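The values are calculated or read from the model by the stated rules, or taken from the named source; none is laboratory data. This one's a predicted model, so the numbers in the text were calculated from it and none came from an experiment. Here the Cβ positions follow ideal geometry from the backbone for every residue, glycine too, while neighbour counts run over all protein chains shown. With ligands, DNA and RNA removed, areas are computed over all heavy atoms of the protein, side chains included. Shrake-Rupley method; radii C 1.70, N 1.55, O 1.52, S 1.80 Å.
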Amino acid sequence: MRKLLRLTNTVEKLQLLLLMFLYVCLIKALETFDYISIIFNFLTIYAMKKLFFSLVTILALASFTLSCEKENVETQENATSLTANKWYIFYATWEEWGRASRNCAGWGLCNFESCWTCEIADRPGVHTGKVVYNDETGKGTLSIELDQSEEIQIEAITWELPFTVDKDIVNDNVTVRKGIYKFDSKVGPYGGYLVDVLVN
């Protein structure tokens with residue numbers, strides 16, 4: 001029985017010594033552990049993240065604001081321009097090409113009809129042009145876009161022929177001005193002409 005008690009006391013002393021050793025090791029480890037640096041680094045990273053997301057938010061809001069302001073300015077400028085200039089569009093149609101001096105033969109324009117409300121798609125076989133004019137001055141242009149549907153147009157496209165209006169063509173309240181108009185490759189996909197008109 002005494003031996004058992006001694007053994008028990010010895011085990012308890014060893015456990016106590018082991019605990020004290022572990023406690024000392026823990027204290028030493030904690031003394032060498034740089035808590036301040038870790039906390040500082042953590043706070044620095046946290047602050048940088050907050051700053052980064054704040055900057056991103058500010059830039060996004062600034063970009064959105066500038067975009068809205070630019071759009072409003074452009075809308076106002078366009079509205080002002082349209083109000084000031086009062087540009088309008090209508091169509092002109094004609095059945096044949098030709099020059100008045102050649103009894104409507106050759107390459108040019110000798111007659112046309114104003115087409116303010118007609119549907120161009122419902123008029124097959126009719127040549128058409130778009131008139132854009134300024135309501136204040138009455139001046140505008142008849143845009144004639146050529147295509148490859150007939151030989152005379154193909155020749156005009158190939159050789160970039162000038163387009164002749166021998167004399168003023170007056171129809172209703174629109175006048176196509178006489179002149180010799182140069183081929184313009186920028187009109188339509190195959191080129192064409194910009195002819196002066198006057199809306200009375």
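Summary of computed values
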read-out: Surrounding net charge for ASP166, when Lys and Arg each add one and Asp and Glu each subtract one, Cβ distance under 15 Å; value: +2
read-out: Exposure ranking of ILE169, ILE154, ILE180 by accessible area [1.4 Å probe, largest first]; value: ILE180, ILE154, ILE169
read-out: Local net charge near ASN103, Cβ-Cβ under 15 Å (Lys/Arg +1, Asp/Glu -1); value: 0
read-out: Efficiency of FRET between GLU96 and GLU136 - r from beta-carbon atoms, R0 41 angstrom, step 0.05; value: 0.75
read-out: Pair PHE183, ASN111: separation of 7 Å Cα→Cβ label points (nm); value: 2.8 nm
